[in-house]
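Notes follow the structure.
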Amino acid sequence: MLPPREKSASPDTTTRLNAQIGGTHGLVLGLYLFLARPSQLRWGATDAEVARAMPGDALSDHPTFLSTRAITIDAAPEVIWPWLVQLGYVRAGFYGYDILENLGSPRGMHSADRIVPHCSDRPSEIRSR
């Protein structure tokens with residue numbers, strides 16, 4: 001003889017659980033959208049940087065996404081430029097979080113910690129911008 005079957009959760013219990021899960025998701029999403037997301041869209045940027053026109057702003061009259069992120073580097077442009085021009089894959093890296101850039105990469109990628117001469121070779125018209 002088979003043991004008696006256990007009764008499954010009643011529809012009321014399932015509905016309540018779904019409502020609680022949905023409410024929790026809604027609360028987390030709401031907190032993210034109103035507390036975390038605004039600071040992510042302007043991470044590091046001052047009010048003046050957010051308000052001023054940036055290169056490329058005129059490319060779209062009605063952009064679907066707006067974000068201004070910035071960092072302040074206490075150095076002259078001629079010191080910073082060699083680091084920027086060598087950015088990229090199969091160049092000197094992205095100066096980001098190497099552990100994230102290497103997810104799923106068998107070879108791995110690492111950001112440079114010095115100026116790499118062969119990665120800084122770019123046409124003069126790019127350097128003059």
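The values are calculated or read from the model by the stated rules, or taken from the named source; none is laboratory data. A quick note: this is a predicted structure, and the numbers were derived from the prediction, not measured. FYI the Cβ positions are ideal-geometry reconstructions off the backbone, even for glycines, and counts take in every protein chain you see.
Name the residue that is farthest from the chain's Cα centre (by Cα), counting only residues in the range 37-53 that are of a type in the set (A, V, I, L, M, F, W, C) and surrounded by 10 or more Cβ atoms within 10 Å (Cβ to Cβ).
Filtering the range 37-53 for residues that are of a type in the set (A, V, I, L, M, F, W, C) and surrounded by 10 or more Cβ atoms within 10 Å (Cβ to Cβ), the one farthest from the chain's Cα centre (by Cα) comes out as 50.
Within the range 52-77, count every residue that is assigned to a helix (DSSP H, G or I) and either touching a Ser or Thr at 6+ places or on another chain (Cβ under 9 Å) or closer than 22 Å to residue 95 by Cβ (or both).
1
Could you say whether any residue in the range 2-15 is aliphatic (A, V, I, L, M) and at pLDDT 90 or above?
No, the range 2-15 contains no residue that is aliphatic (A, V, I, L, M) and at pLDDT 90 or above.
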